[in-house]
Amino acid sequence: MSKTPIEKTAAGDQPRGDRLQKILAQAGIASRRAAEAIILEGRVIVNGKVVTELGTRADASKDHIRVDGKLLHGPEPQRYFMVNKPRGYVTTTDDPEHRPTVMQLLGQDSQKKTIGEHSKMPRLYPVGRLDYLSEGLLLMTNDGELANRLSKAAAGVEKTYLVKVSGAPTEQEIDQLRRGIMIDRGRLNEVRSGRRDRVLTQPAKVEQVRRGENPWFEVTLTEGRNRQLRKMFEEIGHHVEKIRRIGYGALVLDVPPGAFRELTTGEVQALGRAAAGKKVERKKTMPEAAQLKKPVPPKRKSFGAPKRGRG
């Protein structure tokens, strides 16, 4: 089968249809970035011809588009879910190490309880990532276009976390995080071109929410670099013990660990405004899932009644 791109418009004409990666994302095949890789791998056929050019456009209502041999039947209805990812799950659709993935949280039994016995869940993808040891609010959708816009650093979408650290940082150290701090770019311990590749983080909101030997902080970021929170606190000499994401744009975590729910129309619209760089407001009252649990007071030792001596 030839690898010739589909027919293009004549010079001066308006481009016909949408870019293929957008069509694949709207059909729930993959996120737009992943769809680009699928096209480059020669897995997309349009009207009998293999397409490998990312700029190629098509009309989903007229053209026959196949991915891995399967014919697309137009865009799926767009769905949006909030998931409370527990610690010990990976944010991916498949894991080569066979660890539990967030996709298992949306398993068939859970779907029936949430969206109904006869409803079918579309193929969903996580927006952004939470690492294996982190927990909290994760967005899942088949809207590749919105996912792509939310993930761009230029959008400046606020993401809020509760972070527990070892030892008590000084106010001067916390001010470093508020102003921005140099961290390693990319994966931990990754060295590029024989040197450490460093980058300055954007200013962050950091407020202490519980004191103690291992205090908790509420941290709000407008970017999402690889393991960023862990690297930021490591730079000021404090190991991160726990991370829970409690806010994303206007959304606030309000489902228990391992559970999920579908977003309302208003919440989806608010995500769209946040992705466009517009200011959005969160709930003033924090749901239980977004709050720290009250510390359990130490048990008092009970002493039996004093024995009476013989009189």
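The values are calculated or read from the model by the stated rules, or taken from the named source; none is laboratory data. Fair warning: this is a prediction, and the values are worked out from it, not measured in the lab. When we count neighbours, we look across all protein chains shown, and the Cβ atoms used for this are built from the backbone with ideal geometry, even at glycine. Heavy atoms of the whole protein, side chains included, go into the accessibility calculation; ligands, DNA and RNA do not. Shrake-Rupley method; radii C 1.70, N 1.55, O 1.52, S 1.80 Å.
Some notes on this structure:
- Among the residues of segment 123-140, the one identified as closer than 17 Å to Ala270 by Cβ and surrounded by fewer than 17 Cβ atoms within 10 Å (Cβ to Cβ) is Gly128.
- Complete set of residues in segment 248-263 that are open to solvent by less than 30 Å² (accessible area, probe 1.4 Å) and not in a loop (DSSP other than H, G, I, E, B): Tyr248, Leu251, Val252, Phe260
- Residue that is surrounded by the most Cβ atoms within 10 Å (Cβ to Cβ), among those in segment 141-164 that are hydrophobic (A, V, I, L, M, F, W, C) and part of a helix (DSSP H, G or I): Ala147
- Top-ranked residue in segment 11-56 [being of a type in the set (Lys, Arg) and not in a strand (DSSP E or B); ranked as most open to solvent (accessible area, probe 1.4 Å)]: Arg33
- Note on segment 81-95: residues that are modelled with pLDDT under 90 and over 30 Å from Val46 (Cα atoms) amount to 1.
- Residue in segment 71-80 that is surrounded by 15 or more Cβ atoms within 10 Å (Cβ to Cβ), within 30 Å of Gly136 (Cα to Cα) and at pLDDT 90 or above present: yes
- Scanning segment 97-137 for residues that are over 23 Å from Leu251 (Cα atoms) and at pLDDT 75 or above returns Glu97, His98, Arg99, Pro100.
- Residues of segment 193-221 that are assigned to a loop (DSSP other than H, G, I, E, B), open to solvent by less than 80 Å² (accessible area, probe 1.4 Å) and under 22 Å from Leu292 (Cα atoms): Ala204, Gly212, Asn214, Pro215.
- Filter result for Arg230 (outside any strand (DSSP E or B), at pLDDT below 95, more than 24 Å from Arg79 (Cα to Cα) and among the charged types (D, E, K, R)): no
- If the condition is being assigned to a loop (DSSP other than H, G, I, E, B), at pLDDT 90 or above and within 29 Å of the chain's Cα centre (by Cα), then segment 57-69 contributes only Asp68.
- Residue within segment 165-184 that is closer than 21 Å to Val102 by Cβ and either open to solvent by less than 60 Å² (accessible area, probe 1.4 Å) or among the charged types (D, E, K, R) (or both) present: no
- Restricting segment 197-214 to residues that are in contact (Cβ under 8 Å) with a residue 24 or more places away in the chain and aliphatic (A, V, I, L, M), the residue that is farthest from Thr160 (Cα to Cα): Val199
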